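Right, one structure below, let's go through it.
The values are calculated or read from the model by the stated rules, or taken from the named source; none is laboratory data. Bear in mind the structure is a predicted one, so any value in this text is a computation, not a measurement. Using ideal geometry, Cβ is built from the backbone for each residue, glycine included, and neighbour counts are taken over all protein chains shown. Accessible surface is based on the protein model in full, side chains and every heavy atom, while ligands, DNA and RNA are left aside. Shrake-Rupley method; radii C 1.70, N 1.55, O 1.52, S 1.80 Å.
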Amino acid sequence: QVQLVESGGGLVQPGGSLRLSCAASGSISTIYTMAWYRQAPGKQRELVAQITSGGSTNYARSVQGRFTISRDNIKSTVYLQMDSLKPEDTAVYYCYLIQSGPNAWGQGTQVTVSS
């Protein structure tokens with residue numbers, strides 16, 4: 001079983017920054033991809049960014065150039081640095097681990113961008 005614990009959400013003004021963290025523990029393979037998804041009210045959950053074990057990254061077009069995903073393999077932690085935040089970034093952000101064994105979702109952390 002895999003556990004994912006997220007932190008770092010909150011309320012921020014437009015143009016501001018937040019950094020999300022997601023720490024994984026439990027039955028984690030040596031090779032795994034970690035990703036951030038988000039879900040706004042009334043909308044489907046969407047991929048924001050993902051990073052492989054080798055460090056390859058992929059971003060949604062809407063966050064390209066503003067968000068940066070990174071990981072610390074020793075700590076089994078993934079980060080999402082979010083800059084130049086916009087009101088449309090408001091959503092619950094979820095961490096997701098993809099591996100050969102069981103995948104896992106985090107519990108979600110609320111990000112609200114508002115003046």
Candidates Ala35, Ala40, filtered to the one that is among the aliphatic types (A, V, I, L, M), exposed (fewer than 15 other Cβ atoms within 10 Å of the Cβ) and at pLDDT 95 or above: Ala40
Candidates Ser17, Ser25, filtered to the one that is surrounded by fewer than 17 Cβ atoms within 10 Å (Cβ to Cβ) and modelled with pLDDT under 95: Ser25
Tally of residues being within 17 Å of Ser17 (Cα to Cα) and buried (at least 16 other Cβ atoms within 10 Å of the Cβ) across segment 55-67: 2
Those strands (runs of 3 or more DSSP E) lying entirely in segment 1-65 with at least 1 residues of a type in the set (Lys, Arg): 18-26, 32-39
Total residues in segment 38-52, condition among the small types (Gly, Ala, Ser) and out of contact with any strand residue (DSSP E or B) (no Cβ under 6 Å at 6 or more places or on another chain): 1
Scope segment 68-104; condition open to solvent by 20 Å² or more (accessible area, probe 1.4 Å), hydrophobic (A, V, I, L, M, F, W, C) and not in a loop (DSSP other than H, G, I, E, B); matching residues: Val92, Ile98
